[in-house]
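The values are calculated or read from the model by the stated rules, or taken from the named source; none is laboratory data. These numbers come from a predicted model, not from an experiment. With ideal geometry, Cβ positions are generated from the backbone for all residues, glycine too; neighbour counts draw on all protein chains shown. Each accessible area value is taken on the protein alone, full model and side chains, heavy atoms only, with ligands, DNA and RNA left out. Shrake-Rupley method; radii C 1.70, N 1.55, O 1.52, S 1.80 Å.
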Amino acid sequence: MSALLELKNITKRFPGVVANDKVSLEVYPGEVLALLGENGAGKSTLVSILYGLYRPDEGEIWVEGRPVRIASPMDALRLGIGLVPQHPTLVGRHTVAENLALGIGSPLWPAQRIGPLVERIAQGYGLQIDPRAPVFQLSPGEKQRVEIVRALLRGAKVLILDEPTSVLTPQEAEALFRVMRELRAAGKSLIFISHKLEEVLSIADRCTVLRRGRVVGSLLREEASKPRLAELMVGRSVSFERKRQSAALGEVVLEVDGLRARSSRNLPALQGVSFRLHRGEILGLAGVAGNGQSELVEVLAGLRSIEAGAVRLLGQPLPPSPARLFDLGVAHIPEDRIQMGTVPSMNVAENLALRTFDRPPWARGGLLNPRAFEEEARRQVQAYAIATPSLRTPSRLLSGGNIQKVILARELAGQPQLILAVHPTYGLDIGATEQVHRVLLEKTQQGSAVLLVSEDLEELLSLSDRIGVLYRGALQGPFAVEEVSREAIGLWMTGGVA
Amino acid sequence: MDDWGCGVRLEPLANASPGRVLGVTLAALGLAFVLVGAVFVAYGQNPLEVYRLMLSGTLLDAKGWQEILRRSIPLLLIGVGLTLAFRTQFYNIGAEGQLLLGAVLAAGVALFLPLPAPLSLPAMALAGALGGALWCGLAAWLRLRFSVNEILSTLMLNYVAQSLVIFLINGPWRGKDVRGYIYSDRFAEYQQIPVWAGSSVHWPTLLLGVLLALVLQFVLFRTTLGFRMRIVGENPGAARYLGIAQGRVLLLLALITGGMAGLAGVGEIAGIHHRLIEPSQLSSGYGFTAIIVAWLARGHPALVLLTAPLMGLVLAGGDLLKVSLNMPFRIVDIFSGVILFCLIGSELFLRYRVRWGR
Ligand SMILES: Nc1ncnc2c1ncn2[C@@H]1O[C@H](COP(=O)(O)OP(=O)(O)OP(=O)(O)O)[C@@H](O)[C@H]1O
Ligand SMILES: [Mg+2]
């Protein structure tokens, strides 16, 4: 069979890095090609080139046996290449149908006329969407389905998904895989980027691994295994064994009693949550997104007011100020790394010092010391292997995973009493994930208490001492991790009774 | 991004280099001069001739230089303040009103506060800064307390300030020797800012402006206060996450910005007019022209040292056209408007790279 899409020696340079270095690969009809690689390996850059967002410095793209120029997303769509972006680009106030009609609908009543077509496509591939629903009400998974339908509506034969599962719950991810299998069966080709090897092994037909912009290997599904892929990606073997040995629990660090709080839309979000968190303990918090996890963490980080109930940190009432909390030893790895965790226009050194810029050695008597910024940053960049062209690069130019590393390096510096970790390994490659897990465990050994919010059950089960499940603002548990089963957690997450 | 069907496309640019910023800015200015040249043609003038006149009458002429400097002083003071404000996403477009209020308070001190002579000018300067600061602070307070958009409130406060000046010099502060025009009494000799011999360049104000530009540049990039300002301005979400008191930073910033505009007002009345006069003569739109000055400086207070004289040149040149070519004074507004328009349009080229061909 001849290749549907071929990349030949694609090279793309950015100031200070070669993001893609003579990358060649083929995509055949009816297959799922997984694109793997460490943070900053050049995956997003490569698909941006395919979708016409960047132009390669060198190399050729061939579609159906002919060389093509892809100068814009319009060109890409004309050639049958569609992209499902990691962060949806839909208009929130408009309905699904209106969004889908953008750019392709007829000038008059575009949304109505497109309706039947949408339904045919959606049903054909098992994509459940309601064309009349306004987009802002949709879950991340639903938005992603809308993006997929949009690409298909425009006749995509090759569908690119850039880290589609990092924003999805495990259930939503499962649904996505079902859709992907349907699409494959219908002869479409899919390019799939993910850091989660289980997912890759369950869905991909072939895996291509990038390292520092170069293709370092291509494996068929049969040849691929977790250790093999990991080694190709990182260049060394990676340990997947990270069961924690239970540490002796220390004193209580955090006491939460009958906590109630409201969401930003002023709806009750936490309905009487109580738990204790001890020194040396990792408490895992499971739950489908939107069941109060964000609000709970925000209360504990001093970002949301308490409606009723009590929260005590080391026996004292919680001060309602994030800065005071940080001084008391509360580290916060936030859910949103762009809007909250970093200042994208500031450089790496400055972002690493966001918490501490006003104290020595970064500043003395109100005056900043640029030398200290650089020195401290150099240490942290090294410790966390942050891939950045320089310390003066604005953080928005880093790859997704490396932005996350900047936040981790900053928040986990020193010896926090309490670590609020929300999706701490979101978007990280396996090497970095392993490192973050190790650091979290080390910190607990040294006496930190960790509240770990994650949608990755694997991560929760392997790291936590106890696990609680939030459903509609009420907490089930926490239970000792040896005493709960995966199934029970899954049931609680959807409101069932185990 | 999108194909325009004629082989032109835009490629997102992650980071515009300083060289690119300079190039694009110069190109925008160049385009503005071409467009305004078209207006000159419509007036039946040869644009090259007009520009030659503008340049030779300003840059090649001692009097012209003085004129540029005189115009640059208020632009410098206001522009530096606005650079900070825009950087922190506080869109103060009421510098005109803040200038007027600074003038009103300074005039009030000069006319009615019996002070020992050496204290009089410093007191006027302080009062003027305070007036501008409070006028701007009011808008900041409205935004913090009631979420009133500062673009609207500062704009509206301009009109209030204008009416206040007119009311004062027409009523309670009306001068004894007024005929025709309205204005207040003249300030005493010791209440006037010294000027360079034979010109109206009140150099102490100029010096103060230069100093403040450098100081604020330092504050912004080398102090913890400046670091805080940048965080608040560049990512309010992160400021909240870090627990930075955004309200306080914003208020402080508004006070600084307004205070600088107030000082500009003091300079105008104590350095040039020596009395409180009608708003349109007192300022001739410095508060608005300074918006361009600040925009051109792109967040760097020290760069205002270059951009203020540039717009000072445009204003001085415009005056010249009015006098020697009999053009309406509004020609200067056209100039400013077209320049601002081209600059804002040129932002596109900082965010995207244009690729020709396919
Ligand atoms: N617009 C840009 N300007 C400059 N450098 C860039 C730009 N986009 C990406 N880079 C750099 O190119 C390299 C590859 O980035 P890319 O986003 O493709 O990585 P990735 O493989 O998608 O990583 P991740 O898994 O973390 O998302 C990184 O070093 C990044 O800093
Ligand atoms: Mg990426």
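Yes/no per residue for (1) surrounded by fewer than 23 Cβ atoms within 10 Å (Cβ to Cβ); (2) within 16 Å of ligand 2 (Cβ to nearest atom):
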{"position": "A:Q404", "(1), (2)": "no, yes"}
{"position": "A:E411", "(1), (2)": "yes, no"}
{"position": "A:Q417", "(1), (2)": "yes, no"}
{"position": "A:L420", "(1), (2)": "no, no"}
{"position": "A:A432", "(1), (2)": "no, yes"}
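Determine whether A:P56 is open to solvent by 20 Å² or more (accessible area, probe 1.4 Å), within 14 Å of another protein chain (Cβ to nearest Cβ), within 16 Å of ligand 1 (Cβ to nearest atom) and in contact (Cβ under 8 Å) with a residue 60 or more places away in the chain.
Values: open to solvent by 20 Å² or more (accessible area, probe 1.4 Å): yes; within 14 Å of another protein chain (Cβ to nearest Cβ): yes; within 16 Å of ligand 1 (Cβ to nearest atom): yes; in contact (Cβ under 8 Å) with a residue 60 or more places away in the chain: no.
No; evaluated as a whole, the condition is false for this residue.
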Handout entry: Looking only at region A:403-415, and only at residues there that are over 17 Å from A:A372 (Cα atoms) and more than 14 Å from chain B (Cβ to nearest Cβ), the one that is farthest from ligand 1 (Cβ to nearest atom)
Key = A:Q415
Fill in the blank from the handout: The condition of being closer than 21 Å to B:G285 by Cβ and either at pLDDT below 95 or not aliphatic (A, V, I, L, M) (or both) holds, among B:G81, B:G30, only for B:G81
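Please specify each residue of region A:327-336 satisfying the condition of being assigned to a loop (DSSP other than H, G, I, E, B), within 18 Å of A:V453 (Cβ to Cβ) and either of a type in the set (D, E, K, R) or more than 8 Å from every other protein chain (Cβ to nearest Cβ) (or both). Even if it seems obvious, please write down each step before you answer.
To start, the set of residues in region A:327-336 that are assigned to a loop (DSSP other than H, G, I, E, B) comprises A:328-329, A:334-336.
Checking the rest, the ones that are also within 18 Å of A:V453 (Cβ to Cβ) come to A:334-336.
Listed by number, the residues that qualify are A:E335, A:D336.
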Exercise for the section: Inspect all residues belonging to region A:353-373 and state whether any of them is open to solvent by less than 10 Å² (accessible area, probe 1.4 Å), in contact with a helix residue (DSSP H, G or I) (Cβ under 6 Å, 6 or more places away or on another chain) and more than 7 Å from chain B (Cβ to nearest Cβ). Expected result: yes
Completion exercise
When region A:1-23 is checked residue by residue, the ones that are modelled with pLDDT of 90 or more and in contact with a Gly (Cβ under 8 Å, 6 or more places away or on another chain) are A:L7, A:K8, A:N9, A:I10, A:T11, A:K12, A:V18, A:A19, A:N20, A:D21, A:K22, A:V23
Fill in the blank from the handout: A:G329 fails exactly one of (1) within 30 Å of the chain's Cα centre (by Cα); (2) on the phi < 0 side of the Ramachandran plot; (3) among the small types (G, A, S), namely (2)
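Given the condition assigned to a loop (DSSP other than H, G, I, E, B) and within 14 Å of chain B (Cβ to nearest Cβ), answer yes or no: does some residue in region A:8-29 qualify?
Yes; the residues of region A:8-29 include at least one that is assigned to a loop (DSSP other than H, G, I, E, B) and within 14 Å of chain B (Cβ to nearest Cβ).
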Practice task
Examine region A:25-33 for a residue that is surrounded by fewer than 21 Cβ atoms within 10 Å (Cβ to Cβ) and without any contact (Cβ under 8 Å) to a residue 60 or more places away in the chain, and state whether such a residue exists.
Solution key: yes
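If you check A:L50, A:L25, A:L36, which single one turns out to be away from ligand 2 (no atom under 16 Å from the Cβ) and touching a strand residue (DSSP E or B) at 6+ places or on another chain (Cβ under 9 Å)? Lay out the reasoning, then the answer.
On the way: A:L50 fails: away from ligand 2 (no atom under 16 Å from the Cβ); A:L36 fails: away from ligand 2 (no atom under 16 Å from the Cβ).
Answer to the selection: A:L25.
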Practice task
With the checklist (1) surrounded by fewer than 22 Cβ atoms within 10 Å (Cβ to Cβ); (2) more than 16 Å from ligand 2 (Cβ to nearest atom) in hand, flag the one item A:L159 doesn't pass.
Solution key: (1)
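Quick one: is A:I282 closer than 19 Å to A:I467 by Cα and either touching an Asp or Glu at 6+ places or on another chain (Cβ under 6 Å) or within 13 Å of another protein chain (Cβ to nearest Cβ) (or both)?
Details: closer than 19 Å to A:I467 by Cα: yes; either touching an Asp or Glu at 6+ places or on another chain (Cβ under 6 Å) or within 13 Å of another protein chain (Cβ to nearest Cβ) (or both): yes.
Yes: the conditions hold for A:I282.
Here's the yes/no breakdown for (1) touching a strand residue (DSSP E or B) at 6+ places or on another chain (Cβ under 7 Å); (2) more than 9 Å from chain B (Cβ to nearest Cβ); (3) without any contact (Cβ under 8 Å) to a residue 12 or more places away in the chain; (4) in a loop (DSSP other than H, G, I, E, B):
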site: A:R304; (1), (2), (3), (4): yes, yes, no, yes
site: A:P320; (1), (2), (3), (4): no, yes, no, yes
site: A:L325; (1), (2), (3), (4): no, no, no, no
site: A:I338; (1), (2), (3), (4): no, no, no, no
site: A:P344; (1), (2), (3), (4): yes, no, no, yes
site: A:Q380; (1), (2), (3), (4): no, yes, no, no
site: A:I386; (1), (2), (3), (4): no, yes, no, yes
Handout entry: Residue list for region B:140-150, filter: over 24 Å from B:G209 (Cα atoms) and open to solvent by less than 70 Å² (accessible area, probe 1.4 Å)
Key = B:L142, B:V148, B:E150
Handout entry: Checklist (1) more than 13 Å from chain B (Cβ to nearest Cβ); (2) open to solvent by less than 20 Å² (accessible area, probe 1.4 Å) applied to A:L314, failing item
Key = (2)
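Quick one: would you say A:L33 is more than 13 Å from ligand 1 (Cβ to nearest atom), away from every other protein chain (no Cβ under 12 Å), out of contact with any Asp or Glu (no Cβ under 6 Å at 6 or more places or on another chain) and within 16 Å of A:D162 (Cα to Cα)?
Details: more than 13 Å from ligand 1 (Cβ to nearest atom): yes; away from every other protein chain (no Cβ under 12 Å): yes; out of contact with any Asp or Glu (no Cβ under 6 Å at 6 or more places or on another chain): yes; within 16 Å of A:D162 (Cα to Cα): yes.
Considered against the rule, which asks whether it is more than 13 Å from ligand 1 (Cβ to nearest atom), away from every other protein chain (no Cβ under 12 Å), out of contact with any Asp or Glu (no Cβ under 6 Å at 6 or more places or on another chain) and within 16 Å of A:D162 (Cα to Cα), A:L33 comes out as yes.
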Handout entry: Odd one out for A:Y426 among (1) crowded, with 18+ Cβ neighbours inside 10 Å; (2) away from ligand 2 (no atom under 16 Å from the Cβ)
Key = (2)
